[in-house]
Amino acid sequence: MKYIFGVDLGGTSAKIGLFSQDENLIEKWEIKTDRSDNGKNILPNIAASLEEKAKELSINKDDILGIGIGIPGPVIGERIVNKCANLGWGKIDAATELESLTGLTVKVGNDANVALLGEAWKGCGKGYSSMIMITIGTGIGSALITHGKIVSGATGSGGEMGHVTVNLNETITCGCGKKGCLEQYASATGMVRHGKELLAKYGENSVLYALEEITAKAIVDGAKAGDKLCLETVDFMGDTLGMALANANALNDVELIIIGGGVSKAGDIVIDAIKKGYLKCAFHAQKDVEFKLASLGNDAGMYGAAKLIL
């Protein structure tokens, strides 16, 4: 039996899966991401965890095909991380460093890309050859597959829809340094911002008025209950993200659009708002594109990272 490790590295934790060569998940676990000292301990900690698991299960190094790892930043050539602020990294050769620590083959991918690769392999994208995935969380993650292959681009940032400009008149700076990015309006953070702005209009007539903390979940729950402010906020998110997806699909003409991330857990109310926004702007030949909710949840990155090796 041959094995593969799939690692989904995030700013808080690394989710790790051990897979068999016949494509089954054997075991999964998490370790904390140590971001101190510009993240210098992150890869050594991952290497130590993998070595410990191999010893625990009596797996010989010769029986491990390699390690796939998803990183929250742009990646060039499945090796070079082109700066990752969430981990404290500059431009580093993460593959070579982890290979030297483990003695195993390593392939590195952007986290959104490997999540889509996981959905295409074992999730809702199985059977499709071209697809876009959007993850709606604190920010906006996105990835693109055409003809069965991830599009990573020349700088490792291909398919990065979160930082498409959708408002030239924005005055607040996005985390990326630009202004008017999609992420500022369609993410969970953007929904909260928009909801707070609407409180001046709706005031006590909204369920949000009495809350100590406004969250995207509270907005979605309010929308499901018919709260007008919350419905307007969800519609704004759907219109903005739907427009961006229609523009992206005009260039890529995919079969499937996958919606994932924490906000997607709200289900139909979110996907319906996005579809409505998409149809307002879509090219006529692309109006029948399928929309699906991501099905692998937090495991998608692990699966996709392992698929990098397979």
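Bear in mind these aren't lab numbers, they're just calculated from the coordinates by the rules spelled out. Quick caveat, the model's predicted, so the values are computed rather than measured. So basically every Cβ, Gly included, is an ideal-geometry build from the backbone, and we count neighbours across all protein chains shown.
Using C-alpha positions alone, give me the convex hull volume of segment 127-294 per residue in cubic angstrom. Walk me through the intermediate numbers first.
Values: hull volume 19.6 nm³, N = 168.
Cα convex hull per residue, to the nearest whole number: 117 Å³.
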To test your reading of the geometry: what angle, between 0 and 90 degrees and rounded to tens, separates the Cα axis of helix 268-281 from the longest principal axis of the chain? 70
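Can you tally the net charge around Ile145? Count Lys and Arg as +1, Asp and Glu as -1, for every other residue whose Cβ sits under 11 Å from the Cβ of Ile145.
Working: positive: Lys149; negative: Glu119, Glu255.
It works out to a net charge of -1.
Roughly how many debye, to the nearest 20, is the charge dipole of the chain about its Cα centre, given +1 on each Lys and Arg Cβ, -1 on each Asp and Glu Cβ, and no other charges?
380
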Nonlocal amide H pairs with Cys124, under 5 Å, H built at 1.01 Å: Ser295, Leu296
Any lysines whose Cα falls less than 19 Å from that of Lys228, other than same-chain ones fewer than 8 residues away, would be Lys196, Lys201, Lys217, Lys276
Estimated FRET transfer efficiency when R0 is 35 angstrom, pair Asp34-Thr146 (beta carbons, to 0.05): 0.45
Based on DSSP, what percent of beta bridges with both residues in segment 127-294 are antiparallel, to the nearest 5? 55
Connecting C-alpha atoms closer than 10 Å in a GNM of the chain, tell me which of Ala94, Ala154, Ala14 has the biggest fluctuation. Ala154
I'd like to compare 33-46, 269-282, 101-114: which one has the highest average count of other Cβ atoms within 10 Å, and what's the full order after that? 101-114, 269-282, 33-46
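Compute the Rg/Rh shape ratio of the chain: radius of gyration over Kirkwood radius, all on alpha-carbon atoms. Show your work: numbers first, answer last.
Numbers: Rg = 20.2 Å, Rh = 20.2 Å.
My calculation of the ratio gives 1.00.
About the Cα centre of segment 127-294, what is the dipole size in debye to 20, counting +1 per Lys and Arg Cβ and -1 per Asp and Glu Cβ, all else neutral?
Details: 15 positive and 18 negative charges, 40 e Å.
Value, rounded to 20: 200 debye.
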Unit charges at the beta carbon, dipole of segment 8-112: most positive-side option, Thr96, Gly17, Asn38: Asn38
Determine the calculated [θ] at 222 nm for the chain from helices alone, applying -39500 (n - 2.57) to every DSSP H run no shorter than 4 residues and normalising by the residue count; nearest 500 deg cm²/dmol. -11500 deg cm²/dmol
Could you pull out every one of the lysines with an alpha carbon less than 29 Å from that of Lys55, ignoring same-chain neighbours closer than 8 positions? Lys2, Lys15, Lys28, Lys32, Lys40, Lys107, Lys122, Lys307
Centroid-to-centroid separation of segment 60-88 and segment 198-225 [C-alpha atoms, Å]: 40
